[in-house]
1. Membrane-span-like helices in the chain: DSSP H runs reaching 24 Å or more (Cα, own axis), mean Kyte hydropathy at least -0.5?
2. How do Ser31, Ser114, Ser131 rank when sorted from fewest to most other Cβ atoms within 10 Å of their own Cβ?
3. Within the chain, what is the number of lysine pairs with alpha carbons under 13 Å apart, leaving out pairs fewer than eight places apart on the same chain?
4. Taking 0.36 nm per residue of separation and subtracting the Cα-Cα distance, what length does fully extending Ile249 through Asp275 add?
5. Restricting to bridges with both residues inside the chain, how much of the DSSP beta-bridge set is antiparallel, in percent to the nearest 5?
6. First measure r as the distance between the Cβ atoms of Asp229 and Arg153, then evaluate 1/(1 + (r/R0)^6) with R0 = 30 Å and state the FRET efficiency to the nearest 0.05.
7. Per DSSP H run of n ≥ 4, the term is -39500 (n - 2.57); total these for the chain, divide by its residue number, and report the mean residue ellipticity at 222 nm rounded to 500 deg cm²/dmol.
8. Pop the C-beta distance of Leu315 and Asp51 into the FRET formula with R0 = 35 Å and round what comes out to the nearest 0.05.
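Any read-out appearing in this document is the output of simple, stated calculations on the displayed coordinates, not a laboratory observation. Just so it is clear, the structure is predicted and the values come from calculations on it, not from any experiment. Methodologically, a virtual Cβ is constructed for each residue, glycine included, from the backbone with ideal geometry; neighbour enumeration extends over all protein chains shown.
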Amino acid sequence: MKSAKAIACSNIALIKYWGKRDPILNLPQNSSLSLTLDGMTTTTTVRWETDLPEDSVSLNGNLLTGSELAKMSGFLDLVRRQADMSLKAQVVSENNFPTAAGLASSASGFAALSLAASHAAGLNLDSRELSILARQGSGSASRSIFGGFAEWRKGDRPDGLDSYAEQLMPPEAWPEIRMLVVVLEPRPKPISSRAGMTQTLETSPMYPAWLSTLEADLTAAKKALFAHDLETLGTVAEANALKMHATMITTLPTILYWQPTTVALMHRVWELRRDGLPAWFTIDAGPNVKVLTDAAHASRLAEALGNVEGVESVLICSAGPGATLC
Ligand code: 2P0
């Protein structure tokens, strides 16, 4: 089999990954915890061709060139090495949501690519091996191999073989959980996650403080998760996101991913919470806001947040499945 197609969902971290201990292998400074989202997917077809001089990668109908293509070829080299082959690949990948807008397109993208490319190459990787492979494309992709809630354990080994994600809870274990993805009017992102986290690690005086709180946040989040305690999980996640953004804002030069509408949404979530609605926000390396809630309140919250000026759309997501072949 030289061709395969796979689909993977995006994931949103409730306990965030920000900073690497090894930028080549994508080994993180800290462990992280995420919710895989249904409805935000990447579908990728990989064909290993005998007569292709170079890898060809199409993303949402656009052929990649230059450094973007080089990054993908570097990743495909990992698969070639594991499969002991030299064929070039034709990759066709489609997202059903905005790319590079802080909506974790690299997570679903490298998860789908890892599965399709390895399967088409005849490798029969288990989910741990897939997570390790996906991690080397993009750290957060290690978590999108799994459905429901996943933890990416940072690991300690220099070779990264103990740095992979594992499922903590399948989607059906908490069917009422919802994540609203509040998408703002598009504006260019100031700096990529990859460059941003490197700069933060090097210059933010807050970074050591952030790291020192991670284990406690993870423990609290996992305890709340297993107890289906939405309030505690939301409280820990919101505080964790704000701490991560504190390290970004105190980076030199500063990194502020928030737009005025981002801040308006934060205030609106706090107001709605004061009115008794279960809603906690988290924000990634972009201006969009994600809101953790439950099925009973999702529509009402989506309407309220959709009315904030500058909001383009609100998606209501449930816990999604892990990466699968199509
Ligand atoms: C996360 N983010 O845990 C954090 C929160 C953004 C903020 O993972 O360099 O695209 O490819 O490993 O995975 C975004 O970073 O970065 C990310 P690389 P990635 O979801």
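1. Details: long enough: 66-83 (25 Å, -0.11); 230-249 (28 Å, 0.55).
The answer, listed by residue number, is 66-83, 230-249.
2. On the way: Ser31 18, Ser114 34, Ser131 28.
With the fewest neighbours first, Ser31, Ser114, Ser131 line up as Ser31, Ser131, Ser114.
3. Total qualifying Lys-Lys pairs in the chain comes to 4.
4. Values: separation 26, 0.36 × 26 = 9.36 nm, distance 2.99 nm.
Contour length minus Cα-Cα distance gives 6.4 nm.
5. Working: 50 of 54 bridges.
For the chain, the DSSP antiparallel bridge percentage is about 95.
6. Numbers: r = 22 Å, r/R0 = 0.75.
Step by step, r from the Cβ atoms, then E = 0.85.
7. Numbers: 10 runs with 123 residues, N = 326.
Calculated from helices alone, the mean residue ellipticity at 222 nm is -12000 deg cm²/dmol.
8. Values: r = 41 Å, r/R0 = 1.18.
For Leu315 and Asp51, the calculated efficiency is 0.25.
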